[in-house]
Amino acid sequence: MESIARLLQLIPKYSELPEFLRALIPVVVSCVVVFALLALAVLFLVWMERKVSAHIQDRLGPMYVGGWHGWAQTLADALKLLLKEDIVPASVDRTLFKMAPFIVFLGAFAAYVVLPFGATSFVADLNIGILYIVAVGSLSVIGIIMAGWASNNKYSLYGGMRAAAQIISYEIPSAMAIMTVIIPVGSLSMVDIVNAQKGGIQNWFILRNPFTFLGFIVYFIASLAEVNRTPFDIPEAESELVAGYHTEYSGMRFAFFFLAEYANMFLVAGVATTLFLGGWTQVIPGSFIAPQLLPGPIVFFLKALLIIFVQMWLRWSLPRLRVDQLMYLSWKVLLPISFVLVLGVGCLAVYW
């Protein structure tokens, strides 16, 4: 956002605008840029998901349909969703039904404000950045429950309740795993967390000590459940719930749920990259070989895409868990482990 503000200073008469407008315009421009990049990233992730599924399960369609390696199929699907009729069933709660997709997408989009893609490539560096992401990410629970309840469909309601129970359950071990990084850094700022990992791969928190390494594993598993990815996609279990909480949605309202899932995938991958994989810092410091090997945002995106590839790999390789297995894993496995990890990191911080 600072670079955008500097560019705006070059516009004639910009300095003559009222102060509140000069402060507001860079924020609005930054949000538009982030939204545009997010839309392009989501389209790329949809294409990437099809390619991963094609290679893992020998699917021929995504390999050939729609031009070279199926690149045009994703654009055709996006255009189809834009042009499809928006159907609102007669018996739904119309207000909540229409609001739910936007609230779900808002929760995913708003969190990108504090995600640092590079040393200066971020909208805002809040001193409570990671707390902001955890809080804003919880908005999706409200939207999903609204969608299930407003649909006036028992299968949608079941899917909404499952999603709420699942996301709330896994937010606790996820937050505890994040604490394994916050304690040694002593800051909630995402930029400060990345700066604490500068100097090469040996300084990344995933390799700093056994507690933060296991913290990364706990966070990755919990993040899969939070974004409803296989093997935790129980809220969208087609075999018993048709499509879960978005069964009654069509057209662009369905697309918002669809886009929010992929936006959340990149968000949790970006948070994992920031917390445990050094963010935009390189494996080998650039000063040892060249002034700069790769730009920080490119390094960040490559790390995040690696995590997203593992998420997709798991989706097309593992079966879905049962509800009781999902809750058992959260409350009786991940939660006790995360408490032990926080205690271990706290002892290291005090005695070493």
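The values are calculated or read from the model by the stated rules, or taken from the named source; none is laboratory data. Keep in mind that this is a model prediction, so the values were computed, not measured. Using ideal geometry, Cβ is built from the backbone for each residue, glycine included, and neighbour counts are taken over all protein chains shown.
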### Message
What's the number of the only condition in (1) without any contact (Cβ under 8 Å) to a residue 24 or more places away in the chain; (2) buried (at least 16 other Cβ atoms within 10 Å of the Cβ) that LYS154 fails to meet?
### Response
(2)
### Query
Which one of ILE168, ILE178 is part of a helix (DSSP H, G or I) and at pLDDT 90 or above?
ILE178
#### Entry: Candidates VAL42, VAL33, filtered to the one that is at pLDDT below 80, buried (at least 17 other Cβ atoms within 10 Å of the Cβ), within 20 Å of the chain's Cα centre (by Cα) and among the aliphatic types (A, V, I, L, M)
VAL42
### Message
If PHE105 satisfies all but one of (1) part of a helix (DSSP H, G or I); (2) at pLDDT 70 or above; (3) more than 28 Å from the chain's Cα centre (by Cα), what's the number of the condition it fails?
### Response
(3)
### Query
Based on what the data block shows, is ALA5 within 30 Å of TRP316 (Cβ to Cβ), surrounded by 13 or more Cβ atoms within 10 Å (Cβ to Cβ) and either at pLDDT below 65 or small (Gly, Ala, Ser) (or both)?
no
### Query
When you scan the stretch 190-263 for helices (runs of 4 or more DSSP H) that lie fully inside it, which ones turn up with 1 or more residues that are within 30 Å of TRP149 (Cα to Cα)?
210-226, 238-241
## Note on the structure
Selection over the stretch 330-352 where residues are out of contact with any helix residue (DSSP H, G or I) (no Cβ under 8 Å at 6 or more places or on another chain) and touching a residue at least 60 places away in the same chain (Cβ under 8 Å) yields a count of 0
### Query
Quick one: how many residues across the stretch 126-144 are without any contact (Cβ under 8 Å) to a residue 40 or more places away in the chain and either assigned to a helix (DSSP H, G or I) or surrounded by 17 or more Cβ atoms within 10 Å (Cβ to Cβ) (or both)?
6
